[in-house]
Amino acid sequence: MSYDKNLVKSGDEEPLWVPSRQRVDSSNMQRFMQYVNDRFDKEFDSYDELYHWSVDEISDFWSSWWDFSKITRSADYLNVIDDPSKMPGAKWFSGAKLSFAQNLMKHRDSHTALVFRNERSERIQMSYSELHTCVAAVVRTLRELGIKGGDRVAGFMPNIIETVVAMLAATSIGAIWTSCSPDFGINGVVDRFGQTQPKVLFTTDGYYYSGKTFRSGDRIRELIRLVPSIQKVIRVRYPDIKSGALDLPKTSDWDDVVAKGGGSRFEFVQTPFDHPLLIMYSSGTTGAPKCMVQSSGGILISQLKELVLHTNVMRRDTIFYFTTCGWMMWNWLVSSLATGAKVILYDGSPFWPDKGSLFEMIQDEGVTIFGTSAPYLSVLERDRVRPRADYSLSSLETILSTGSPLSIRSFEYVYRDIKSDVCLSSISGGADLNGCFALGNPMLPVYPGELQCRGLGMSVEIFDAKGQPVLGEKGELVCTKPFPSMPLYFWNDPSGEKYLNAYFRTFPGVWHHGDYAEMTKRGGLIFYGRSDATLKPGGVRIGTAEIYRQLEGFSEIDDSLVVGQEWEDDTRVILFVKLKPGSELTDELRTRITRSIRENLSPRHVPSRIVQIADIPYTVNMKKVELAVCNIINGRPVLNKDALKNPESLELYRSLDELRT
């Protein structure tokens, strides 16, 4: 059997980037390691030592991070964790009382907190003091509406400043925030808000994407009708402030709410560490989305660890992540406010009016930390965009990528055509924990195709089918010890059965995340795709990302999708290719694709059928939808299409002649 040399890590590859001594010494991670050394009389001088201590002594680690990060609280904890062996169900920081919103708003000065930009070059900024004033006004209205702790407040909003203000106002009074991106179809929104029953809905007239204005009025009216718990709608006049008022019931205007001001009293409600803060949703592509309830303290302490230590966010930074309000990365980005940094929000397509638009933003705003997705970087590389030649990127220090595995070609592209002196951190986690298992690290080098490290305090292993940890082999990503940002529970799951089935049935007492991955001898991670999309021809497990990586070198291919078709008591690999305009799926192209996969991977990886298709389905968060297509070609129903960005594309996969023989 032959292997793709780009996927086998022997441990002796040359790094693409190595941090300077000055960068290491000035990093938050280095400062924290010294803090731990002083506090516990240690002599750690490497991340590997710090990491293993953090998972071996989880109580000491999390208490140290609690103190080092200076979390604002009104009452301190009695003990860090009641039972480190209990998973799920361990109780964290009992006795502590805090406010998530207060920690994000502890700065109250003229320093810029938020900058909003969109694809039409509109720009608005808000200082930390202005943010506090605006939040206070919305809090007043929510209190007047009778909203109290535990009530749900929802946003059906684009990524604008008002969305951040609404979230902070709701969580300031102990309400639970939940949100959906405005590009969700009505069924997708109702599938989510219909379960969690919000009392107040924040929304807008619509949003921008790829030079077009999309109106939301019809969906909002239907949403109000189908979710009777909604008692009040607060409407922001965006995107077209000159438009007439939408004919919506139960509606107040955002400008009127803000104009009233916050009154004389604005106090942050102090809640226990495990008070519900957010309800996040699974993608819902295989059924009704799971509603994951997450705690105020767990999300705060975990996201601060990831932002401050692993991403090295400081007050001097300007941080951007391309995201919608329905993706966990929006919550992650907004939590950067706790550091006092400047946070950039964006509404629109990253490729409008051209593929350099976000790099122009980096140049103009002095962005130091730029977050994006693997497909975005792949498109730039494919289309030969060279930002370093066209823009001044002197401010840029860190590039983050998530959403799907980042290919070796994309790693090399970043250092060749974007910037050579930058920390490229591919990160991976999920909405389930509103954070990451694998992250970047300002102290470590960057190797092609590899995530730099496991996150501090996250006891991550790769298990084989027998539940044994393996090194240098592909297997299931698991977490063997509890962590603070685990969901408290699922909404409408009183027995906890859905929660247990989601994470703990495969390996009892161990969090099974559903990623197919490999740990390298360096302690880095390589991801091969989702476990539930893993192919098994002849019983041999194959990660779809392995095949996708082989296709990146073909100039004719615009996009692709790999799934398994049940065939003659086995599974055969089916490759769908979307070709660039003017290209054809000739016998010669099929032969080149087949040869590349066979020679660089193995004969088992070679598709039984290569089928040309006009479109590839994606979720609204731009993840390929392999499972839905797998269900279609295997004659199973697709239960929820409204979670997709382009649901009409699924019809292309029905009754294909090429799959009948």
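Readers should treat all values here as calculations from the given coordinates under stated rules, not as data from a laboratory. Remember, predicted model here, so these are calculated numbers, not experimental data. With ideal geometry, Cβ positions are generated from the backbone for all residues, glycine too; neighbour counts draw on all protein chains shown.
Taking Cβ atoms as reference points and 12 Å as the exclusive limit, the residues near Gln34 contribute a net charge of -1, counting Lys and Arg as +1 and Asp and Glu as -1. Stretched out straight at 0.36 nm per residue, the stretch from Asp41 to Glu222 would grow longer than its current Cα-Cα span by 59.0 nm. Residues whose amide H lies under 5 Å from that of Ile81, counting only those 5 or more places away or on a different chain, are Phe93; hydrogens are built 1.01 Å from N in the peptide plane.
Roughly how many whole Å is it from the C-alpha centroid of region 430-487 to that of region 198-230? Answer, in whole Å: 37. Length available on full extension from Asp253 to Asn646: 0.36 nm per residue minus the Cα-Cα distance, which gives 138.3 nm. Here's how it looks for Asp151: its modeled amide H is under 5 Å from those of Ile176, which are all 5 or more places away or on a different chain. Maximal additional length on extending the Gln197-Ala288 stretch stands at 31.3 nm, based on 0.36 nm per residue less the C-alpha distance. In this structure, the residue pairs whose Cα-Cα separation is over 28 Å, taken from Lys466/Lys645; Lys212/Lys498; Lys305/Lys521; Lys86/Lys498; Lys97/Lys250; Lys212/Lys578, are Lys466/Lys645; Lys212/Lys498; Lys97/Lys250. Once you order the gyration tensor axes a ≥ b ≥ c over the Cα atoms, which shape class does region 537-659 get: rounded for a/c under 1.5, otherwise prolate or oblate by comparing a/b with b/c? Oblate. Sparse packing (at most 10 other Cβ atoms within 10 Å of the Cβ) combined with a DSSP loop state is found for none of the chymotrypsin sites (Phe, Trp or Tyr not before Pro) in region 24-59. Counting every other Cβ atom within 10 Å of each residue's Cβ, Trp62, Trp332, Trp567 order from fewest to most as Trp567, Trp62, Trp332. Among Ser485, Ser129, Ser121, the order by Cβ neighbours within 10 angstrom, fewest to most, reads Ser121, Ser129, Ser485.
Overall form of region 97-526: oblate. Here a/c, set by the Cα gyration tensor axes a ≥ b ≥ c, is 1.5 or more, and a/b is not larger than b/c. Here the residues Lys578, Lys521, Lys232, Lys466, ranked from fewest to most Cβ neighbours within 10 Å of their Cβ, fall in the order Lys466, Lys521, Lys578, Lys232.
Taken about its Cα centre, the chain carries a charge dipole of roughly 1220 debye when the Cβ of each Lys and Arg holds +1 and the Cβ of each Asp and Glu holds -1.
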